[in-house]
Amino acid sequence: MQRPVPAEGELLIKVKAALTCGTDLKAFLRGHALIPMPGPFGHEYAGVVAEKGKGVKRFRVGDPVMGVHSAPCLACAFCRRGHHHLCENIMETKVLGSFAEYLVIPRHVVEQNMFRKPGNISFDEAAFLEPLACVVHGMEPLGITRRDTVLVIGSGPIGLLHLLLARSRGAKVLVTGLEEERLLTAKALGAAAVFHPSRTAESVSSVTGGMGVDYVFECTGQPQVWETAVDYVRRGGTVVLFGGCRKGEHVTYDAERLHYDEITLKGTFHFTPQDVRKAYLLLKNGVIRVKSLISDRCSLTGIQDVFVRLSRGEGIKYTIRP
Ligand SMILES: [Zn+2]
Ligand SMILES: [Zn+2]
């Protein structure tokens with residue numbers, strides 16, 4: 001591959017670790033509106049600065065770095081209101097292509113969402129910055145405490161990151177999912193109880209004395225799961241809808257339940273630079289330890305095999321080391 005040249009304000013990163021993600025798997029299997037296929041692939045990365053464009057002051061060649069693949073424009077109507085995650089330009093200006101030897105990071109990302117990787121975490125762990133920022137964005141504003149019981153629906157990497165973040169706040173966390181192996185990982189990471197989806201209602205009821213959990217995090221992106229998620233939350237509780245459904249999908253809810261039980265349904269998407277900074281500190285300070293979410297490592301040539309394994313539900317996250 002020809003080594004790209006960074007323009008003014010840009011960084012050329014030699015990728016040391018790039019992680020597979022559920023979004024990549026969706027794009028691989030069925031296509032994705034925001035990830036044109038075929039095309040540059042992969043968006044979670046950590047690496048070393050190989051070359052810098054003119055005017056970059058904060059980084060030097062040879063610096064180990066961790067970053068995300070997008071940053072807000074700071075100029076659109078949403079940015080001006082402080083809703084940086086909803087920036088009108090954030091998706092068009094994002095970087096894809098971390099499953100490669102080199103990756104050019106554009107100026108707005110270098111300036112807002114790039115950090116020097118601390119020595120106490122590996123490149124593999126540092127590459128968790130982006131998915132963790134997404135989870136931080138949906139969970140941190142809720143102010144979860146150790147008095148809360150949380151149900152995480154879905155035991156994939158995102159579900160497990162929700163588990164870790166809720167555990168770091170002391171909450172009691174229940175995890176439901178289809179894969180036995182992932183549920184065992186959830187248990188090892190501190191889940192109070194894990195169970196197959198068919199047992200969710202009885203398990204939630206027995207753990208909460210029939211009351212329901214304080215928070216539900218839906219991490220599957222299946223419409224029928226979105227609908228049943230509401231059944232497990234207590235009166236006055238909140239359901240966070242993290243998993244994105246396919247375009248055009250619709251869901252229905254019992255209006256009486258939503259109104260009289262004062263249920264909050266909360267969509268969550270992407271992250272702000274503030275969320276990225278929080279995620280960086282959680283990783284740096286060892287509050288969130290992601291090592292056990294890495295199932296295997298492979299080189300670029302093994303990538304096809306990795307996605308086949310993921311599509312079979314094998315493993316959690318894989319590190320590609322170009
Ligand atoms: Zn991702
Ligand atoms: Zn904007």
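The values are calculated or read from the model by the stated rules, or taken from the named source; none is laboratory data. Here the structure is a predicted model, which means the values were calculated and not measured. Reconstructed Cβ throughout: ideal geometry from the backbone, glycine too, with neighbour counts over all protein chains shown. Note: accessible area is taken over every heavy atom of the protein model, side chains too, but ligands, DNA and RNA are not part of it. Shrake-Rupley method; radii C 1.70, N 1.55, O 1.52, S 1.80 Å.
Values for this structure:
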{"item": "Relative contact order [Cα under 8 Å, 6+ residues apart], the chain, whole percent", "result": "19 percent"}
{"item": "Estimated 222 nm signal from helices in the chain, with DSSP H stretches of n ≥ 4 weighted -39500 (n - 2.57), rounded to 500", "result": "-8000 deg cm²/dmol"}
{"item": "Accessible surface, the chain, averaged per residue in Å² (probe 1.4 Å)", "result": "46 Å²"}
{"item": "Sequence-separation-based contact order of the stretch 1-144, relative, with Cα cut under 8 Å and 6+ spacing, percent", "result": "32 percent"}
{"item": "The stretch 282-322: trypsin sites (Lys or Arg not before Pro) in DSSP coil with no more than 10 other Cβ atoms inside 10 Å", "result": "Arg312"}
{"item": "Volume of the Cα convex hull of the chain, divided per residue and given in Å³", "result": "132 Å³"}
{"item": "P(r) weight above 25 Å for the stretch 25-126, C-alpha pairs, percent", "result": "27 percent"}
{"item": "Extension gain from Lys57 to Lys14, taking 0.36 nm per residue of separation minus the Cα-Cα distance", "result": "13.6 nm"}
{"item": "Cβ-derived FRET efficiency at R0 30 Å, Asp261 paired with Val308, nearest 0.05", "result": "0.10"}
{"item": "Modelled label reach - Lys26, point 7 Å along Cα→Cβ, the stretch 252-295 residues with backbone N closer than 19 Å", "result": "252, 266-272"}
{"item": "Accessible area of the stretch 33-154 belonging to carbon and sulfur atoms, whole % at 1.4 Å probe", "result": "53 percent"}
{"item": "Protein accessible area in the stretch 189-322, 1.4 Å probe - carbon and sulfur %", "result": "48 percent"}
{"item": "Separation of alpha-carbon centers, the stretch 1-65 and the stretch 207-235, rounded to whole Å", "result": "36 Å"}
{"item": "Amide N proximity, the stretch 87-101 versus Gln2 label position 7 Å along Cα-to-Cβ, cut-off under 16 Å", "result": "101"}
